[in-house]
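This report concerns only the one structure given below.
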Amino acid sequence: MIDQKTIDRLRTDTITPQSLFIGGRDTPTADGRTLDVVSPIDGKPLTSIADGGAADIDRAVAAARDTFENGDWSRMPPAARKKILHSLADLIERDAAELAVLGVRDNGTEISMAYKAEPLSAAGTFRYYAEAIDKVYGEIAPTGDDVLGMIHREPLGVVGVIVPWNFPMMIGAWKIAPALAAGNSVVLKPPEVASLTLLRLAKLAAEAGLPDGVLNVVTGRGETAGEALGLHMDVDAIAFTGSGAVGRRLLDYAARSNLKRVHLELGGKSPNIVFDDVADIAHAAKVSANGIFRNSGQVCVAGSRLLVQTAIYDRFVDQLLAATATMRIGDPLDLESDIGAVSSEEQLQKNLGFVSRAESEGAKLLVGGERILGDTGGTYMAPTIFDQVTPEMELAREEVFGPVLAVTRFDTEEEAVGLANGTDYGLAAAVWTSDLPTAHRMVRAIRAGVVHVNTYGGADVTVPLGGFKQSGFVRDKSLHALDKYTDLKTAWISLA
Ligand code: NAD
């Protein structure tokens with residue numbers, strides 16, 4: 001575990017201006033442009049990153065293509081790839097404290113969560129796919145005697161990875177680890193407000209022995225570097241996590257360029273449903289508060305809609321308010337903080353816009369709704385709970401991606417299912433009940449990629465994550481993720 005003394009030692013480290021990482025080397029942008037990085041902890045400048053553009057994406061894709069074609073990585077025996085990916089995991093663990101503090105200074109997630117969720121989770125993901133890759137076999141088809149039908153699994157080639165800022169290392173690893181394990185080369189476009197840990201990750205990969213050009217990082221803006229990657233004619237697939245709006249653009253870029261595969265993991269408006277037979281109201285309320293407010297609600301699977309059955313509604317809301325009141329908001333580099341900073345001023349303003357529109361639509365503000373800790377210079381928001389949210393209100397339909405909870409009551413199971421499925425999203429859900437048949441019926445009825453029962457969150461790398469409906473398609477994590485980064489090839493061999 002990380003301790004406060006170590007955090008305090010690392011929190012003022014100077015961060016030198018960052019270059020791109022192409023072909024195993026720090027590389028300036030073709031036109032010398034940079035972006036300032038501001039810490040959400042105090043609003044002060046941290047460093048700068050390279051503002052990569054189309055020319056830089058071209059260079060990175062060429063490096064990735066060269067190394068894919070020369071076979072240094074793509075044709076390396078899987079057991080040898082496994083060794084290097086395990087070394088990478090060792091190095092991430094060696095530097096976990098440093099990576100965690102660096103990431104928190106960049107994106108404001110409370111370190112009590114970020115330490116495990118970022119470096120340690122990423123290391124675990126690299127180990128998982130390292131271990132898996134020399135245990136995945138091809139197939140022999142059940143044909144007639146005069147032929148041999150063999151099914152090979154091959155890497156795709158060059159994979160573009162684009163990730164968001166809420167958990168850049170964890171989500172980055174969900175894509176980079178299976179892509180590399182399968183033998184692909186990668187061009188990574190980190191989020192503009194949280195690039196620093198992913199740049200470090202690429203350098204650790206080089207230290208671990210990953211050949212030059214296998215993992216390239218082009219920092220910069222979505223509408224320039226991201227678009228160039230999406231439109232590139234020599235990129236075989238894009239693995240993306242982020243908003244639906246950008247997901248749509250990536251599908252369009254693929255249609256306008258080379259029909260590359262596009263794997264989308266998008267947003268959610270996940271229902272957290274509490275039946276009146278829940279075993280422990282206080283516990284469920286505490287987990288529900290954590291399920292929406294940790295990392296300031298910037299969690300794709302956050303339980304942002306709380307649906308509570310009428311008989312326990314008032315008691316549950318009281319317990320929820322009590323649990324929320326105990327959450328400590330403040331310096332994300334203080335181990336005692338339960339909630340850190342909102343990642344940027346832009347995101348904070350977006351959150352506050354949702355609050356004012358919810359009030360004008362007639363939802364009742366129970367707590368929060370405002371910016372706090374203004375004297376720090378950072379971007380902090382109070383956990384916010386709205387009652388009397390009806391299904392047609394914006395707050396019941398649109399993802400805030402902030403610490404804002406919409407509470408609605410229901411009477412029957414059928415009504416709960418209707419409310420749960422009544423949005424365009426289908427990423428996650430939870431059901432709280434003591435009745436096993438109710439739990440199983442709800443798991444079947446809810447259209448979401450993960451349905452928690454009597455808990456919220458915490459699913460690990462062994463199970464898939466991804467959405468139904470407009471929350472995306474395909475899946476990160478688990479062995480199923482390897483399908484995204486491999487192609488099947490049939491060898492049809494006459495034995496006559
Ligand atoms: P975003 O879509 O704005 O940005 C995500 C990434 O896309 C960033 O790296 C950004 O630079 C890039 N991008 C932006 N415009 C682009 C363009 N025109 N072309 C190519 N790339 C472009 O999302 P965000 O604000 O960083 O993250 C929040 C969103 O991510 C939320 O909707 C959240 O639910 C979602 N998310 C989903 C999951 C999941 O697993 N399903 C996990 C975390 C976050």
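Among the listed pairs Lys5/Lys203; Lys5/Lys350; Lys135/Lys203; Lys286/Lys350; Lys189/Lys260, give every one whose C-alpha distance is greater than 23 Å.
Details: Lys5/Lys203 26 Å; Lys5/Lys350 35 Å; Lys135/Lys203 28 Å; Lys286/Lys350 26 Å; Lys189/Lys260 17 Å.
Pairs exceeding the cut-off: Lys5/Lys203; Lys5/Lys350; Lys135/Lys203; Lys286/Lys350.
Would you mind computing Rg(Cα) / (2.2 N^0.38 Å) for the stretch 283-366, counting N as its residues?
Numbers: Rg = 14.0 Å, N = 84, 2.2 N^0.38 = 11.8 Å.
Computed over Cα atoms of the stretch 283-366, the ratio equals 1.18.
Using the heavy atoms of the protein chains and a 1.4 angstrom probe, tell me the accessible area per residue for the chain in square angstrom. Working shown, then result.
Details: 19730 Å² over 496 residues.
Counting only protein heavy atoms, the per-residue value for the chain is 40 Å².
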> Quick one: longest stretch of the chain between exposed loop trypsin sites (Lys or Arg not before Pro), exposed meaning at most 12 other C-beta atoms within 10 Å and loop per DSSP?
Replying inline: 136-327
> Relative to the first principal axis of the alpha-carbon coordinates of the chain, what is the inclination of helix 244-256, with its axis defined by its Cα atoms, in degrees from 0 to 90 and to the nearest 10?
Replying inline: 30
> Where does the longest stretch of the chain lie that holds no GluC sites (Glu not before Pro) found in a DSSP loop with 11 or fewer other Cβ atoms within 10 Å?
Replying inline: 1-335
>> At 1.4 Å probe size, what's the solvent-accessible area of Phe401? Round to the nearest 10 Å².
In response: 40
> Got a sec? Charge dipole of the chain, +1 on Cβ for Lys and Arg, -1 for Asp and Glu; which of Ser471, Val187, Ala445 is way out at the positive end?
Replying inline: Val187
> What pairs from Lys175/Lys484; Lys82/Lys175; Lys83/Lys477 go past 18 Å between their alpha carbons?
Replying inline: Lys83/Lys477
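Leaving out ligands, DNA and RNA, and with a 1.4 Å probe, what % of the accessible surface on the chain is carbon or sulfur?
53
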>> Per 0.36 nm of contour for each residue apart, how much would the distance between Arg371 and Asp8 grow if the chain were fully extended, relative to their Cα-Cα spacing?
In response: 128.1 nm
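Using R₀ = 41 Å, calculate the FRET efficiency as 1/(1 + (r/R₀)^6) where r is the Cβ-Cβ separation of Thr490 and Glu414; round to 0.05.
On the way: r = 47 Å, r/R0 = 1.15.
About 0.30, to the nearest 0.05.
Return the FRET efficiency for the residue pair Arg256, Glu154: r is the Cβ-Cβ distance, R0 is 30 Å, and the value is rounded to the nearest 0.05.
Details: r = 26 Å, r/R0 = 0.88.
About 0.70, to the nearest 0.05.
First select every other residue whose beta carbon is under 15 angstrom from the beta carbon of Asp280; then total the charges, Lys and Arg +1, Asp and Glu -1. Kindly include the intermediate steps, with their values, before the conclusion.
On the way: positive: Lys286, Arg315; negative: Asp276, Asp277, Asp318, Asp435.
Neighbourhood net charge equals -2.
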>> Taking the Kirkwood radius as the inverse of the mean 1/r across Cα pairs, report the Rg/Rh of the chain.
In response: 0.99
> Using a simple charge model, +1 on the beta-carbon of Lys and Arg, -1 on the beta-carbon of Asp and Glu, nothing else, what dipole does the stretch 304-402 show about its Cα centre, in debye to the nearest 20?
Replying inline: 240
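Might you report the magnitude of the Cβ-based charge dipole of the stretch 1-145 about its Cα centre, with Lys and Arg at +1 and Asp and Glu at -1, to the nearest 20 debye? Don't skip to the end; give the middle numbers.
Numbers: 17 positive and 24 negative charges, 58 e Å.
So the magnitude is around 280 debye.
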>> For the stretch 309-467, report the % of Cα-Cα distances exceeding 20 Å.
In response: 59
> Which length gain, in nm to one decimal place, applies between Val443 and Asp72 when the Cα-Cα distance is subtracted from 0.36 nm times their residue separation?
Replying inline: 129.0 nm
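Please give the charge dipole size of the chain, origin at the Cα centre, charges +1 on K and R Cβ atoms and -1 on D and E Cβ atoms. Round to the nearest 20 debye.
Roughly 680 debye for the chain.
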> Can you tell me the Rg and Dmax of the stretch 117-226, counting just the alpha carbons, in angstroms?
Replying inline: 16.9, 59
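The values are calculated or read from the model by the stated rules, or taken from the named source; none is laboratory data. Because the structure is a prediction, the values reported are computed rather than measured. So basically every Cβ, Gly included, is an ideal-geometry build from the backbone, and we count neighbours across all protein chains shown. SASA here: full protein model, heavy atoms, side chains in, ligands and nucleic acids out. Shrake-Rupley method; radii C 1.70, N 1.55, O 1.52, S 1.80 Å.
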